[in-house]
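Please treat every number below as a calculation from the coordinates, not as lab data. Since the model is a prediction, treat every value here as computed from it, not as a measurement. So basically every Cβ, Gly included, is an ideal-geometry build from the backbone, and we count neighbours across all protein chains shown.
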Amino acid sequence: MTHTRTALILGATGGAGYEIAKALRARGWQMRAMHRRPESVSALIPDADWIAGDAMKADDVLMAATNVDLIVHAVNPPGYRNWGKLVLPMIDNTIAAARAHGARIVLPGTVYNYGPDAFPLLRETSPQNPKTRKGGIRVEMEARLRRAADTGVRVLIVRAGDFFGPNTGNSWLAQGMIKPGRPLRAITHPGKPGAGHAWAYLPDFAETIARLVDSGEELAAFERFHFNGHWFEDGREIAERLRIVAGVPDAPIKRFPWPLLHMMKPFVPLFREMAEMQYLWNVPVRLDNARLVSQLGGEPHTPIDEALRATLRGMKCLPESSARAVDWSRADISLPR
C-alpha cells in the first residue's frame, strides 16, 4: 500500500477542518479536501488537492481516501441542522474508507458526550451518559469508532470545549455572543454567573492534533485525549477580556435570552438545538489534559489576549480588520441544504 503522508480533510471549509489542514500542511503533509463544489472554495486552502464529492455518499469518500494515511472527520451539519439524519451515516462512510485504505481517522470531539454525573472535570475515562439528543449521537459516533478500532481501524479522538478562532463561524462565540462583520459594541454571555467554562483556541487545538498524528507509532489503535485550552473559573471573564482586547472596556455584557430561546425553539430549529445545550453553561465543565501533556510534553497555548485579538480580527470585529470576510457559519462540506 502506498503511503504519502497525505491527509483527506472532510470539513475543510469549517473552522476545525481548516485549522487542522493548516497545521498538518505546516508539518509537511499533503492536503486533499473534498467538497460538493470544490471550485467555489478551493481558494481557502490553495495548495490542497480539491476533489468533488459528498460525505453522505460512501463511494465518494472511498474514492477520495485512495492512498491517504489520514482522514480528518471534521464535517458537521452547520447550525446543528439534521444531526439525526446526517451525522452517523457520515461517520460510517469515513470508517469504511479508512478500513479500505488503511488510514487513521481523526475526530475532533466535543463535551456533548457527557451528562452531569461526569462534571466538573472530564477525563478520558469519565462516564458518557449525555442528557441530550446530540450528546447521544456523539456517544454513538465514538462507539462506532471504538468498534472499528477493534477490527483494525486506527482512531484518534481529541476533545475540547467551545471553539474560538479567526475562522470559526459555526460557534457559540460567533452565533450567540458577538456579531461578526462589525466593530464590537456589546457582548452577550450565555453562562450562569460564576460557572466556569472551557474554550479551545482552534489554532492551538489543530497544532495539538498535528503533533499527536506525527507521534504516529506511539499511538494505540484507539486513542482519546482531552485538550484543556483556556479555562475561566468564572465564564464571564472571556466577555471581559473580549471588550478589553477590542478597545471598548465599557461595552455592555448582556445576559443571554434563554427564556426567549426556549419560547421560540418550536419554530426555529437553530434555537431548539442551542437550547438543548444550556446545561453546559450552567455548571463548570473542564477538561483534564494530564494524559495529553504526558504524551506531548505540553499543550500548545496561545496567550488569551493574543488569541482573542486574532479571533476578533478574523471575524471583522476590529477597526483595523482587513482580511477578506468569509461567512464561516455557512461553510461546510457535503451537506444537503
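Under a Cβ-only charge scheme (Lys and Arg +1, Asp and Glu -1), can you give me the dipole magnitude of the range 195-298 about the Cα centre, in debye to the nearest 20?
That gives the range 195-298 a dipole magnitude of about 560 debye.
Would you mind counting up the charge near Ala221? Only other residues with Cβ under 11 Å from its Cβ, with Lys and Arg at +1 and Asp and Glu at -1.
+1
Which pairs in the list Lys22/Lys131; Lys57/Lys179; Lys57/Lys134; Lys134/Lys316 are over 28 Å apart, alpha-carbon to alpha-carbon?
Lys22/Lys131; Lys57/Lys179; Lys134/Lys316
Listed highest first by mean packing, meaning other Cβ atoms within 10 Å per residue, what order do 223-231, 207-215, 38-46 come in?
The densest-packed peptide leads the list: 223-231, 207-215, 38-46.
How do the peptides 242-250, 290-298 rank, highest first, by the average count of neighbouring beta carbon atoms within 10 Å per residue?
242-250, 290-298
Please quote Rg/Rh for the range 174-265 to two decimal places, taking the Kirkwood radius as Rh and restricting both calculations to Cα atoms.
For the range 174-265, the value is 1.10.
If Lys and Arg each add +1 and Asp and Glu each add -1, what is the summed charge of the other residues whose beta carbon sits under 12 Å from the beta carbon of Thr132?
Value of the local net charge: +3.
Could you name the aspartates and glutamates whose alpha carbon sits less than 20 Å from that of Lys265, not counting residues in the same chain fewer than 8 places away?
Glu273, Glu276
Percent relative contact order of the range 76-188, based on C-alpha pairs within less than 8 angstrom and at least six residues apart?
27 percent
Taking only DSSP H segments of four or more residues, each worth -39500 (n - 2.57), what value at 222 nm results for the chain once the sum is divided by all its residues, to the nearest 500 deg cm²/dmol?
So the helix-based figure for the chain works out to -10000 deg cm²/dmol.
Just how large is the dipole of the chain about the Cα centre, in debye to the nearest 20, putting +1 at every Lys and Arg Cβ and -1 at every Asp and Glu Cβ?
About 960 debye.
Among 301-307, 277-283, how do they line up by average Cβ neighbours within 10 Å per residue, starting with the highest?
Top to bottom by mean Cβ count within 10 Å: 277-283, 301-307.
With an 8 Å Cα cut-off and a minimum separation of 6 or more residues, compute the relative contact order for the chain in percent.
22 percent
For the chain, what is the percent of antiparallel DSSP beta bridges, rounded to the nearest 5?
10 percent
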